[in-house]
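See structure below.
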Amino acid sequence: MNTAGASRPYADPYLAGIGLGLVLLTAFVVVGRGLGASGAYASTAAGTVALVAPGKATASPLFSHYLSGQGPWLEWQSVELVGVLVGGWLSAALAGRLSVSIERSSSVGSQQRLILAFGGGLLMAVGAALARGCTSGQALTAGALLSVGGWLFLGTAFAAAYAVAPLLRKVWQ
Amino acid sequence: MNAPLLPETASLSATLSAALVIGIGFGFALERAGLASARKLVAQFYGKDMSVLKVLFSALLVAMLGVFWLARLGWLDLSAVYVPPTFVLPQLLGGLVFGIGLVTAGLCPGTACVSAATGRIDGWVVLLGLFVGMVVTGLFLPQGASFYQSTFHGAWTLPEWLDLPYGVVVAGVVVLALVVFVVAERVERWSR
């Protein structure tokens, strides 16, 4: 780990994108499926609810999907996201970018930032549950496979983000 | 080569080992691009830093062209690649809600994980919000099940919808991506 201030600049976005595309292509070639993230939160939620209220879990079309087969705790995307934690940590460690912090603009306090982070996470969960995926599973993976739903999601998610961004300008600047 | 290399009948341990390795590559690429940083990610929506679209579209191009050519050469069996099903109305509404959440949180479900891994507390809180959101959505979903299951089209692709050959749609997406890159560079130059 480097000391603060010695962190290396980020990679060129096109190069990083090509790297990410090769990872996605590898996933298609090796396991016949792409990348995803929101499924890991959905399966963890399914497993948790199944422990507390099994009837409610099986009655939900969102949860029941993850309760069959190998079960919610061995979901492919959950193991993949553990890998994401490891890979993200490794990359940041090599570049001297590890630091415990709350990232925010100077116009919002730490507590406000964390409330917005939680609320944003809540909204993304609702959206990803309805859409059956998020930026990774729908926009990127389904998009690369030319799925109609993937492109619908990509278009509406970016349109909505651009539409509400002016209202949240103070939060980020 | 006869891909996918691990068929659906492959052992769980082999499939999950692949998940872990692929995930490491995924997280590494996202962190390299700087997308563990909420402020850098959100700068996309204020025209300051177009990294999100550049990374997304260059990755999409590589994977799309790779799948297309590997299938054309007979090395990848496209019918064994899982295409997520299309549900038109739930995905339209889901995309809208997701986009609002994205600008609010500053991170998406994948990048929040990378943000957390680099030590950012806000990244961990986004993860918590995603988990709680999934619990709440799942518990309320039986009430909205008819909408959730509506407008189902199965594994529906753009070539099928537009009634165009696969290669023509691939070429169209390449052109679209190049337009996105040119616009992204212009926007960054203007905002400087």
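Values computed for the structure shown
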{"item": "Ratio Rg/Rh, restricted to the range B:1-145 and using Cα atoms, in which Rh is the Kirkwood radius", "result": "1.00"}
{"item": "The protein assembly as shown - accessible surface per residue (Å², probe 1.4 Å)", "result": "41 Å²"}
{"item": "Cα centroid separation, the range B:163-192 to the range A:103-125 (Å)", "result": "32 Å"}
{"item": "Interface area, A with B, accessible, probe 1.4 Å, both sides summed, Å² nearest 100", "result": "10500 Å²"}
{"item": "For the range B:103-192, alpha-carbon Rg and Dmax in angstrom", "result": "19.7, 49"}
{"item": "Listed residues B:G110, B:G133, B:G47, most fluctuating in chain B (Gaussian network, C-alpha, under 10 Å)", "result": "B:G133"}
{"item": "For q = 0.08, 0.10, 0.11, 0.13 Å⁻¹, Debye-computed log10 I/I(0) when each Cα of the protein assembly as shown counts as one equal scatterer", "result": "-0.36, -0.57, -0.70, -1.00"}
{"item": "DSSP H segments from chain B that extend 20 Å or more along their own axis, Cα-based, with Kyte-Doolittle mean of 0.5 or above", "result": "B:12-32, B:51-72, B:88-105, B:121-140, B:166-191"}
{"item": "Rg/Rg_ref, the range B:55-132, where Rg_ref = 2.2 N^0.38 Å and atoms are Cα", "result": "1.46"}
{"item": "Percent accessible area from carbon and sulfur atoms, chain A, protein chains only, probe 1.4 Å", "result": "68 percent"}
{"item": "Eligible lysines near B:K48 by straight Cα distance, threshold 17 Å, same-chain separation 8 or greater", "result": "A:K170, B:K40"}
{"item": "Dipole of the range B:1-96, positive direction: furthest Cα of B:A29, B:W69, B:S17, with charges on the beta-carbon", "result": "B:A29"}
{"item": "Rounded percent of accessible protein surface that carbon and sulfur make up, the range B:36-135, 1.4 Å probe", "result": "74 percent"}
{"item": "Against the rule of thumb 2.2 N^0.38 Å, how large the Cα Rg of the range A:33-94 comes out", "result": "1.28"}
{"item": "Pairwise Cα inverse-distance average, inverted: Kirkwood Rh of the range B:1-40 (Å)", "result": "12.1 Å"}
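The values are calculated or read from the model by the stated rules, or taken from the named source; none is laboratory data. Since this is a predicted model, take the numbers as computed values, not measurements. Neighbour counts are summed over all protein chains in view; Cβ atoms, including those assigned to glycine, are modelled from backbone coordinates with ideal geometry. Accessible surface is based on the protein model in full, side chains and every heavy atom, while ligands, DNA and RNA are left aside. Shrake-Rupley method; radii C 1.70, N 1.55, O 1.52, S 1.80 Å.
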